[in-house]
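**Q** Before we start, here is the structure in question, set down as structure tokens.
No value in this document is a laboratory result; all are computed from the given coordinates. Everything numeric in this text was worked out from a predicted model, so none of it was measured. Here the Cβ positions follow ideal geometry from the backbone for every residue, glycine too, while neighbour counts run over all protein chains shown.
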Amino acid sequence: MRVLFVEDSCSLRNTVSLALRKSGYAVDSTGDGRDGLFLVENHRYDVAVLDIMLPGLDGLSLLQCLREKGCRTPVLLLTARSAIADRVRGLLSGADDYLIKPFALEELIARVGALSRRGFRESSNILRVADLKLNSAAKTVERNGTPIQLKPREFALLELLMRQAGEVVSRADIDEHLYEDDSLPMSNVIDASIYSIRRKIQVDDSSEPLIHTRRGQGYILEPGG
């Protein structure tokens, strides 16, 4: 699942982004409404979390732009406790939910999860490559009917590779979306995650390798390789 988080407070943006990544989400974040609009126009997101008070383009105007362009991505608005009029205007403009600041991280993550499940039909949540199946809503993976247990970040990395199956995903993209908060060197973290996923999805000796290294480029998930 991929989340866009638009919030002008750098500390809050970093804290929430880290919490979402630890919960298994890929996250793009920015502090400017115009940058948020650019990201939505050029990427597909499962949920967008928008603060109302933003430089460049405020959250309500950003929401209205998205809906006018036909974007149906579920939107969670972050509002001040006293801004009742903004909350009403946001819901009338097409917001799916709102959360009042200050909020608990656990509640935000729960609301993002609920919106991601509400926003897409079951068919959109299920990814298949060969005999590997991933359900992004239920957070399950199986291969040829055998359940596979992955850690949250392993799941997020596998989902990223499966959503771009047949295309090379660079280390820079993986680091940006999943691992930028780690203190360990990027290459060590990514290598360890790829190794673990490869081992886990190799459910038996007859399982075909699906994740392939493209030296100097990144990784690609496809049969045959």
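**Q** According to a simple spin-label model (label point 7 Å from Cα along Cα-to-Cβ), what is the distance in nm between Ser196 and Ala130?
**A** 2.2 nm
**Q** Once you list every other residue whose beta carbon is under 11 Å from the beta carbon of Gly31, what net charge do they have if Lys and Arg are +1 and Asp and Glu are -1?
**A** Neighbourhood net charge equals -3.
**Q** Where in the chain are the helices, taken as whole DSSP H runs, whose Cα atoms extend 15 angstrom or more along the long axis and whose Kyte-Doolittle mean reaches at least 0.0?
**A** 10-22, 105-119, 152-163, 186-201
**Q** If you look for lysine pairs in the chain that are eight or more places apart or on different chains, how many of them have Cα atoms under 15 Å apart?
**A** Close lysine pairs under the 15 Å cut-off: 5.
**Q** Applying the Karplus parametrisation 6.51 cos²θ - 1.76 cosθ + 1.60 with θ = phi - 60° to the phi angles of region 206-218, what ³J(HN,Hα) value in whole Hz is obtained for each residue in order, glycine and proline being reported as x?
**A** Each residue of region 206-218 in turn: 8, 5, 6, x, 10, 9, 10, 8, 10, 3, x, 10, x Hz.
**Q** Right, something else. Express the relative contact order of the chain as a whole percentage, based on alpha carbon pairs under 8 Å and six or more residues apart in sequence.
**A** 16 percent
**Q** Distance from a point 7 Å along Cα→Cβ of Leu91 to each backbone N in region 42-65: keep the residues under 17 Å and list them by number.
**A** 52, 60
**Q** Okay, next question. At q = 0.08, 0.16 Å⁻¹, work out log10 I(q)/I(0) for the chain with the Debye formula, treating every Cα as an identical point scatterer and leaving solvent out; two decimals please.
**A** -0.31, -1.09
**Q** What does region 123-221 give for Rg and for Dmax, in Å, if only its C-alpha atoms count?
**A** 13.0, 37
**Q** For Val27, Val49, which order do you get if you count the other beta carbons within 10 Å of each Cβ and list the fewest first?
**A** Val27, Val49
**Q** Oh, and also: Near the amide H of Asp97, under 5 Å away, which other amide H atoms are found, from residues 5 or more places off or on another chain, if H is placed in the peptide plane?
**A** Counting only residues 5 or more places away or on other chains, the set is Val75, Leu77.
**Q** Further question on the same structure: Considering amide H positions built from the backbone, and no H for Pro or chain starts, which residues 5 or more places from Phe5, or on another chain, come under 5 Å of its amide H?
**A** Asp28, Ser29, Thr30, Val49
**Q** How large is the dipole of the chain about the Cα centre if only Lys and Arg carry +1 and Asp and Glu carry -1, each at its Cβ, rounded to the nearest 20 debye?
**A** 460 debye
**Q** Rounded to the nearest 500, what is the chain's calculated 222 nm mean residue ellipticity when only DSSP H runs of at least 4 contribute -39500 (n - 2.57) each, over all residues? Intermediate results must be reported in sequence, preceding the final value.
**A** On the way: 9 runs with 93 residues, N = 225.
Mean residue ellipticity, 222 nm, calculated: -12500 deg cm²/dmol.
**Q** Now a separate question. Non-local amide H neighbours of Met53 (under 5 Å, H modeled in plane, Pro and chain starts lacking H): which ones?
**A** Answer set, sorted by chain and number: Gly59.
**Q** Where in region 81-175 are there trypsin sites (Lys or Arg not before Pro) that are in a DSSP coil and have at most 15 other Cβ atoms within 10 angstrom of their Cβ?
**A** Counting only loop positions with at most 15 other Cβ atoms within 10 Å, the trypsin sites (Lys or Arg not before Pro) in region 81-175 are Arg81, Arg121.
**Q** Work out, step by step, the length gained on full extension between Glu142 and Lys101: first 0.36 nm times the residue separation, then minus their alpha carbon distance; give nm to one decimal.
**A** Full extension of this stretch gives 10.9 nm more.
**Q** Mind sorting Lys22, Lys69 by how few other Cβ atoms lie within 10 Å of their own Cβ, fewest first?
**A** Listed from fewest to most nearby Cβ atoms, that is Lys69, Lys22.
**Q** What percent of all Cα-Cα pairs in region 1-128 falls into each 10 Å bin, going from 0 up to the bin containing the maximum distance?
**A** Spelled out bin by bin, region 1-128 gives 13, 49, 33, 4, 0 percent.
**Q** Here's something else I'd like to know. With charges set only on the Cβ (+1 for Lys and Arg, -1 for Asp and Glu), what does the dipole of region 2-119 come to about its Cα centre, in debye to the nearest 20? The partial results should precede the final answer.
**A** Details: 16 positive and 15 negative charges, 68 e Å.
Approximately 320 debye in magnitude.
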